[in-house]
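What follows is a short report on a single structure.
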Amino acid sequence: MSEQTNRIDQASFNDNDLGDITKKVKNLFDIKDRKHGIRRTTYEKCFVGSEAVQALIDGNVAAGDRDALFIGNMLLNAGVFRHVLNEHSFKNEKLFYRFVSDEEHGKVDTKLDGTSVSWSDFLPKNAIAVSDSISLQATIPERDPSLAEFEQDDLDKVGVSPLDEHNIKLLDAVHPPKWTDPKPKSNYNLVSVGAGAGGLVSAAAAAGVGAQVALIESHLLGGDCLNIGCVPSKALIRCAKAAANVKEAADFGVEISGEISVDFAKVMERMRRLRASISPVDSATRYSSELGIDVFIGKGKFTGPNSVEVNGKTLNFSKAIVATGGSAAIPPIPGLKEAPYLTNANIFNLTKLPPRLGVIGAGPIGMELAQCFQRFGSEVTVFSRQNGILPKEDPDAALIVEESMHRDGITFIKKVNYKSIESKGGKPPITIVVDGEDGEQRVEVDALLIATGRKPNVDGLGLEAAGVEFDARKGVMVNDRLQTTNPKIFAVGDVASAYQFTHMADFMARMVVKNALFMGREKVSDFLIPWATYTEPEVAHVGLYEKDLKDKKIVYDTFKRKFDDVDRAILEGDIEGFVKIYVAKGSDKILGATIDGGHAGDMISEISVAIRANMGLGTLASVIHPYPTEAEAIRQCGDAYNRTRLTPTVKKLLNRVTSLQR
């Protein structure tokens, strides 16, 4: 690094000097719209580097070229202006630069006093109060064959409540009450319709390599994960675990006198506070001001093969991404539509614990929340059409989770047919009427959670006008490179994938940016996809299940280590569960793994790394693990594999070698 570069990196302005010199140099520079390139692309409100150097000298701001470059790069490093494509420092060349203050990417409206408009401005005073090569992608259960007939949550009609200080902070970040859309550019390299995990990642990645990007969101930036999914649910799970630990404290020699109770209002307040603290990362202001992305808050609708309309404005694009996600699917049970049911979209608005909670659906969302509410003090009843829970998981693992939930006090009613849902005037109590193994049963509850799967958000997007094929049950149709039937439009996340995980949407988005903008040839079928369900114990999986191996007629060996044989698990009291690893017969090639235990979600990554790095199970045995840890169970599976290599012939040979050494 040169001395000049060092000086620039170390030098800085104080706030007063920066404001004064910015105003002075901006008046010196020739700022106007300019065209460049074969396509004569227009760059609005720009100045030229070489012309700016001369202007600084002529205006007596700099003594010469070297001085002008030094001052210019100090201003660039201070964020006053930047190269239009974020590719260059300030140079004495014919390069285009733009003052950040002249960029228009959308902004929060301001009040007369200059402060930003907030949701708190719309509340009456004192009103902020609480109211009510072998593909290692596992086969997962098909979406319900009748899913197309299910209704789904209209997220635009689902509010965020209560409007306390935490939810106001959240909403100000992810859906400002007054937002001014930017003036659309003549053409965008990439437009993302939807700003959940897939939309945000694709927009940020594309903008980071200099693309001109627009981001459209009609509801809440951050999507399900931040607002009504991963983040709030894991906050509740942590509180539920704390409650369970207190109740089990006597097993560890900790005596607690008096009654143990859960303050549900405080549990939910904690969740809202933590969710709000995370929200600035996904905020409209960050994506517009910091990342230089044009943010439009409104409903996006395709009007042609390379155009989309939002708030009456037409955005033209070279490539686009559909990232609208999915929402809770509502089964057509008679009477349900008239009943006051909950889904993941509004259950996090609760401020009072329902004494009795019914849960229809035995998948990950239903089971995580059922266990939480039971531990908070609700009497929970789970209804399932199957004979068990967590249908996509290893049956042994699912059974261990079910037994744990039984011990928590949850009631399971399985193999049911739903006859009707009854309520009076759309108010609790609610009665679920089912036919089961014991005939007709009627169960009365105070709240009902619907967790019967998710339906892709494809309605009202104008996909027909864009030439994009879609299905109400499966979502947007894509090829292995996530390209739709319109080669200019791609789709990522829950709207286009059966693997409905935030991390899947994230990596689909990364792949699409490469494929859409840089002629990449990456395939989604090459992904190795781990996942976890955060019940207690947790269940995590990567690669193929045993049923997949049998269906594919792959010959395999299984290595299993129960946690009741692992020292750290015994000491922690986490003896339920196991590590189970499948390898190709006659080799240590890992084909899949399931972990059922207290830290399964964290532990599965070690096996994921091994598979991705082509590290066999035998090699994993040579990786030194700290003692004592529960992850030793993985190494011990490797030890078990290595013992199978000790054939009678090898053992006889080794005995002969050792006898010669005696």
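Close amide H partners of Leu449, meaning residues 5 or more places away or on another chain with modelled amide H under 5 Å apart, are Leu342, Gly358, Val359, Ile360. Once the gyration tensor of the Cα atoms in the range 251-368 is diagonalised, the equivalent ellipsoid follows with semi-axes of 41, 24, 13 Å, ordered largest first.
Taking the convex hull of the alpha carbon positions in the range 295-435 and averaging its projected area over all directions gives 12.6 nm².
Residues Trp119, Trp179, Trp531, sorted by accessible area with the largest first, give Trp119, Trp179, Trp531 [1.4 Å probe; ligands and nucleic acids excluded].
Counting every C-alpha pair in the range 526-662, the share spaced more than 24 angstrom apart comes to 33%.
The distance between label points at His503 and Glu444 comes to 4.5 nm (points 7 Å beyond Cα on the Cα→Cβ vector). Our summary gives the range 308-443 a relative contact order of 22 percent, counting only alpha carbon pairs under 8 angstrom and 6 or more residues apart.
Calculate the translational D of the range 415-564 in whole µm² s⁻¹ from Stokes-Einstein, where the hydrodynamic radius comes from the Kirkwood formula applied to all Cα pairs, the temperature is 20 °C and the viscosity 1.002 mPa s. Result for D is 109 µm²/s. For Lys352, the lysines whose Cα falls under 21 Å of its own Cα, not counting residues fewer than eight places away in the same chain, are Lys234, Lys241, Lys266, Lys424, Lys427. Across the range 429-480 the C-alpha pair distances fall into 5 Å bins from zero in the proportions 4, 14, 16, 13, 10, 8, 10, 10, 10, 5, 0 percent. The phi-based Karplus calculation (6.51 cos²θ - 1.76 cosθ + 1.60; θ = phi - 60°) puts the 3J(HN,Hα) values of the range 418-430 at 7, 8, 6, 10, 10, 7, 10, x, x, 10, x, x, 10 Hz, whole numbers, x for Gly and Pro. If the segment from Gln386 to Asp251 were pulled out straight at 0.36 nm per residue, it would be longer than the present Cα-Cα gap by 45.1 nm.
Fully extending the segment from Lys553 to Ile260, taken as 0.36 nm per residue of separation minus the present Cα-Cα distance, adds 100.2 nm. Counting only Cα atoms, the range 226-319 measures 67, 25, 22 Å along its principal axes, largest extent leading.
Heavy-atom accessible area for Asp480, with the other protein chains in place and a 1.4 Å probe, reaches approximately 50 Å². Would you mind counting up the charge near Glu522? Only other residues with Cβ under 10 Å from its Cβ, with Lys and Arg at +1 and Asp and Glu at -1. Result for the neighbourhood of Glu522: +3. The apolar share of the surface of the chain, taken as the fraction of accessible area on carbon and sulfur atoms (1.4 Å probe, ligands and nucleic acids excluded), comes to 50 percent.
Could you report the accessible area of Met615 in Å², rounded to 10, computed with a 1.4 Å probe on the protein chains as they sit in the structure? Surface open to solvent at Met615 totals about 60 Å². Taking the centroid of alpha carbons for each part, the range 444-503 and the range 53-106 are 45 Å apart. Residues Phe296, Phe507 ordered from highest to lowest accessible area at a 1.4 Å probe: Phe507, Phe296.
Express the Stokes-Einstein translational diffusion coefficient of the range 265-322 in µm² s⁻¹, to the nearest whole number, given a Kirkwood radius over alpha-carbon pairs, 4 °C and a viscosity of 1.567 mPa s.
My calculation gives 92 µm²/s for D.
Less than 5 angstrom separates the built amide H of Asn311 from those of Lys299, all sequence-distant by 5 or more or on a different chain.
For Lys419 and Lys337, FRET efficiency with R0 = 22 Å and r from the beta-carbon atoms, rounded to 0.05? Approximately 0.90, to the nearest 0.05. Given a Förster distance of 25 Å, report the FRET efficiency between Lys94 and Phe518 from their Cβ-Cβ distance, rounded to the nearest 0.05. My answer for the efficiency is 0.45. Applying the criteria of a DSSP loop state and at most 15 other Cβ atoms within 10 Å to the GluC sites (Glu not before Pro) of the range 235-310 yields Glu248, Glu255, Glu259. Local charge for Leu617 was computed over the other residues whose Cβ lies under 15 Å away, with Lys and Arg +1 and Asp and Glu -1, and equals +4.
Based on the Kirkwood radius over alpha-carbon pairs, what is the Stokes-Einstein translational diffusion coefficient of the range 177-290 at 4 °C with 1.567 mPa s viscosity, in µm²/s?
It comes out at roughly 76 µm²/s.
Sorting 90-99, 104-113 by average packing, meaning the other beta carbons within 10 Å per residue, from highest down gives 90-99, 104-113.
The modelled label-to-label distance for the pair Arg645/Asn60, using points 7 Å beyond Cα in the direction of Cβ, is 8.1 nm. Using a simple spin-label model with pseudo-atoms 7 Å out from Cα toward Cβ, Glu44 and Ser659 lie 8.9 nm apart.
Any chance you could run the full-extension gain for Ile570 through Ala472? It's 0.36 nm times the residue separation minus the Cα-Cα distance, nm to one decimal.
Values: separation 98, 0.36 × 98 = 35.28 nm, distance 4.83 nm.
Between Ile570 and Ala472, full extension yields an extra 30.5 nm.
Note on exposure: Ile256, Ile330 ranked by accessible area (1.4 Å probe, complete protein assembly) read Ile256, Ile330, with the most exposed listed first. Note down the net charge around Ala204, summing +1 for each Lys or Arg and -1 for each Asp or Glu among other residues with Cβ under 15 Å from its Cβ. Around Ala204, the surrounding residues sum to -2.
The values are calculated or read from the model by the stated rules, or taken from the named source; none is laboratory data. This is a predicted model, so every value here is computed, not measured. Glycine also receives a Cβ, built like all others from the backbone with ideal geometry; neighbour counts cover every protein chain displayed. Surface accessibility is based on the protein's heavy atoms, side chains included, excluding ligands, DNA and RNA. Shrake-Rupley method; radii C 1.70, N 1.55, O 1.52, S 1.80 Å.
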